[in-house]
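Laboratory data are not the source of any read-out in this text; all were calculated from the coordinates shown. Model, not experiment: these values are computed from the prediction. With ideal geometry, Cβ positions are generated from the backbone for all residues, glycine too; neighbour counts draw on all protein chains shown.
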Amino acid sequence: MRKVTLIRFGIAASLAAMGVVGAMAAGCSDDEGGGGGKDSGTDAPKTDTGPTPDTGTPDTGKPDATADADAAPPPTVKLIIVHAAPGFGDDGTPANVPGRAFRMCFATSVAGGAPVVSPLTALPDTQTDFQKANGLPPGIYSGTGGPLPQFPIDPSQIEITPFAIRADKIAGQTAADASQNNCADLIGSDGQGTGSAILAGKKDTDYFQLKTIPAGTFQLGNTYLLAFLGCNKGLDPAAIAKCGGDYTPAAGNLQVGIAKLDNKDPVLPADAGAGVTIGMQFAHRAAAVENLTGAPSKAANGVIVGYIGATVIPPPDAGGDADPDAAPSDAGPTIVPTVFPLLNTAVQYKADQIAPAGQAAVVTLPDNSATPFGVFIPSADGGPINPGQYNPLDPNSTGQRIVALPLSVIHQLSTGAPPGDAGTLFVPGHSYTFVLVGDPTQAQLGLPDGGRNPSYDGRGVHIIAFPSDPVTPSL
């Protein structure tokens, strides 16, 4: 996992509406296949080498080893975790970024038995290069996420109780330390910090127990989005604005929101044509957005999801009935930046929703790098969305509220890849889930002049995306 602070990219040119639309209209992307980050986690298709010649080897009667090797792997459960709880660990100290990150432990039980903490290390336990260079402990930082490793047991048959441990409280517990303790050592085998647990007496301050996930929630062959939501207890009641409407200072509302994803590759239309055709789902996991105040404020009704493309309006008399005797016109086509909703209708989605609910929408994006994807809050007067107004949901704004980021920037935020890294962005023919996270009252990603905000720490409103059928590492 990678903290997104100080990722260097310039968004001024990418977010200039006419610059983006002009490039799309001309179809002249210089970086159609990549240029923004590392591999998206999708396997490249195999090359067809043609039929294998018959070697004449006699049949020995033994099982065909080649057939076994080509057999489909057994179905598994794939889990993607996203840190969508900008209030977690917030002690009012802006510099306490590691305190807002967390690592995960799990207790398991069968048929209602007492949960027993798995003797695994708290995940993740390995620092990224960026974390090492900046003295940061391993952890899942605000506004980031990624696939969890495969469980060593079938998660469809057991009850799972997650625990979130503040990354700064176990900063020395890393894979580089040969004496690293496992989760049972950290929080006790019962998860209550009993016995000689290192974090004894620290429950609800240094670590937090989340609601148990019943057996049968996860089914083999599926991918699930696990969103870490809410805030820990003890915060000021005003925290409801970023923690969700069910927050109480006495109990808090930290929880894991679970959504099943469509992890099947999309069926491409025969006339897909130019562009990048992918399956696309959207998950609204930014409860704080719904508490925006001021005019206009319709965020509580949900957001419209889509991408910004170009509508080309031909010049007058450009049709077949133009007067052949008329003087040629110097007027060119008018290029209008246009919002294309994900489902071709202005459906609004609230913070607990994922859309489409079933099969991912098949979308053909004009460009694999520069196309802006975003969320749009309708104006108070119900007028059309103006995609030229790029606005990071500024709570003081009087105009339309919009957050739209080029796909290359979304890819950077999702993978931690610096700009200029060679690699694929969104691979045609595969499905991806785009997740809205963040708090509009925190430092935002970009400054009004289009530059990078040095105060951005991952809690501002932004979008991250992951393959809906990711490659998951083994523990």
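How do 411, 430 rank when sorted from fewest to most other Cβ atoms within 10 Å of their own Cβ?
Numbers: 411 28, 430 22.
Arranged by neighbour count, lowest to highest, 411, 430 become 430, 411.
Can you order the peptides 118-124, 217-223, 141-147, 284-290 by their average number of other Cβ atoms within 10 Å per residue, highest first? Working shown, then result.
Details: 118-124: 20.1, 217-223: 16.7, 141-147: 24.4, 284-290: 26.1.
The peptides rank, most packed first, as 284-290, 141-147, 118-124, 217-223.
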Can you flag which of 132/211; 242/264; 169/260; 78/350; 78/233 are past 27 Å Cα-Cα? 132/211; 242/264; 169/260; 78/233
Amide H contacts under 5 Å for residue 401, restricted to residues at least 5 apart in sequence or on another chain and with H modeled in the peptide plane, are 377
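Report the local net charge at residue 303: Lys and Arg +1, Asp and Glu -1, summed over other residues whose C-beta lies under 12 Å from its C-beta. List each step's numbers first, then the result.
Numbers: positive: 285, 298, 350, 401; negative: 290.
Computed value for this residue: +3.
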What ranking, highest mean first, results for peptides 204-216, 154-166 when packing means the other Cβ atoms within 10 Å averaged over each residue? 154-166, 204-216
Once amide H atoms are built 1.01 Å from N in the peptide plane, which residues 5 or more positions from residue 248, or in another chain, come under 5 Å H to H? 253
Of the candidates 256, 286, 266, the farthest towards the positive dipole end of the stretch 218-290 (Lys/Arg Cβ +1, Asp/Glu Cβ -1, centred on the Cα centre) is 256
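Would you tally the net charge around residue 223, using a Cβ to Cβ cut-off of less than 14 Å, leaving residue 223 out, and scoring K and R as +1, D and E as -1? It would help to have the intermediate numbers written out before the result.
On the way: positive: 78, 260, 264; negative: 262, 265, 469.
Net charge in that neighbourhood comes out at 0.
Any idea what the dipole of the stretch 166-277 comes to, in debye rounded to 20, about its Cα centre with Lys/Arg Cβ at +1 and Asp/Glu Cβ at -1?
On the way: 9 positive and 11 negative charges, 46 e Å.
Computed about the Cα centre, the dipole is about 220 debye.
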